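Reviewing the structure listed below.
None of the figures in this text is laboratory data; all of them are computed from the coordinates on show. Remember, predicted model here, so these are calculated numbers, not experimental data. Positions of Cβ are backbone-derived with ideal geometry, glycine not excepted, and every protein chain shown enters the neighbour counts.
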2 protein chains.
Amino acid sequence: MPTRTRVVELGGGVCCAPLRAAPVSEAAAEELATVFAALGDPVRVRLLSLVAAAGEICSCDLEEPLGRSQPTISHHTRALAGAGLIVGERRGRWTMWKVVPERLAMLRGALA
Amino acid sequence: MPTRTRVVELGGGVCCAPLRAAPVSEAAAEELATVFAALGDPVRVRLLSLVAAAGEICSCDLEEPLGRSQPTISHHTRALAGAGLIVGERRGRWTMWKVVPERLAMLRGALA
DNA sequence: CCGACTTATCGATAGTTGTCAATCTATCGA
DNA sequence: TCGATAGATTGACAACTATCGATAAGTCGG
C-alpha cells in the first residue's frame, strides 16, 4: 500500500470561501484540513519558506538547512506537493521545487 | 501526563513575517506549525467555521452539527484554543466560544 | 559501461492523535 | 439539598506520522 498521498484537487476545489462566511461543507473542510495539515509540521514550514525565499531550489539544497536525512526531505516535499503547495520539476538529476502561489492565496482566502 | 496542550504565545510571538520573505526561524516555524496543525483536522475546520459564522456559540451547540461526542468536541475546542484561534468564556453552565481575528490575520500574514 | 550522484521507495520504530465510554466537577432550578 | 445539565478529564485503543537506514531507480561525466 502506497504512502497514502492524499493529493487534493487543485484549482477546481470546493473551497475558497471564507470560513466565517458560512459553515463550511464537509468536503471543503476535508480539503482545507489536508492543506493545513501539510503545514502542521515545523520542518515543512521551514521547507516551504526556503523554497519560497529561493524561488526555486533542489532537494539536495534542503538537507543541510533543515538538518534532516535525504529520505525525510523527500517525505516532506512529497507531503507539501501532495497538498498542492509546491510543485517539483525533474531537471536532469535534480528535482527543482517551486511554490504554488495560488494555493497560498486559496488559504489566505479561507482565513479572510 | 497531561494532554500536551501546546499553548502558543499570543501576540508577542516570533512570527508574522511572510514565509517567502526570508527563511523562517526554527522558533517561528514551530509556532506557525502548531497553529496550522490545529487546523489540520476537518472537524476542527468545521468547528472554527461554525464559531466564526455564529459569532459566539456554546460547546453544546457544536455536538450535533459536527456529529461527534461531547468529549471529542471538548478535545477539539481545547486544541483550537491552545493554538489561540478561539477563546472560551465560561458563562454559567455554558462555555461560549469566539474566534480570535488577530490570530487568523497572523496566519494570513505568514502566507502573504 | 562504470562510478558518482540525486531522488524515490521500502521497512521498521517511536511518538502523536482522534475517538469514545466512563467519570468527575461545576452550575442552575426547584 | 437534589436532580438535571454543561463541560472537562481520564483511560484505552486504533490510526497516523516523522524519522532513519537500506535499497532501488534514474542521470550524468568520463
Review point. Long-range amide H contacts for A:I57: which residues qualify at under 5 Å (H placed 1.01 Å from N, peptide plane, sequence gap of 5 or more or a different chain)?
Key: A:W97
Revision key, fill the gap. Computed D for the protein assembly as shown, Stokes-Einstein, Kirkwood radius over alpha-carbon pairs, 10 °C, 1.306 mPa s, to the nearest µm² per second, is 88 µm²/s
Practice item. Could you estimate the translational diffusion coefficient of the stretch A:14-112 from the Stokes-Einstein equation, with Rh from the Kirkwood formula over C-alpha pairs, at 25 °C and 0.890 mPa s, in whole µm²/s? Key: 173 µm²/s
Study note, to complete from the structure: Residues other than B:A52 with Cβ under 13 Å of its Cβ, Lys/Arg counted +1 and Asp/Glu -1, net out at +4
Revision key, fill the gap. With +1 on the Cβ of every Lys and Arg and -1 on the Cβ of every Asp and Glu, the dipole magnitude of the protein assembly as shown about its Cα centre, in debye rounded to the nearest 20, is 100 debye
Point to revise | GluC sites (Glu not before Pro) within the stretch B:20-112: DSSP coil, no more than 12 neighbouring Cβ in 10 Å | key: B:E56
Point to revise | With Cα atoms, 0 to 90° folded angle of helix A:26-38 axis to chain A main axis | key: 30 degrees
Study note, to complete from the structure: For the stretch A:47-88, one quarter of the surface area of the C-alpha convex hull, expressed in nm², comes to 2.5 nm²
Practice item. State, to one decimal in nm and shortest first, how far the label point of B:D61 sits from each corresponding label point in the other identical copies (label point: 7 angstrom along Cα-to-Cβ). Key: 5.2
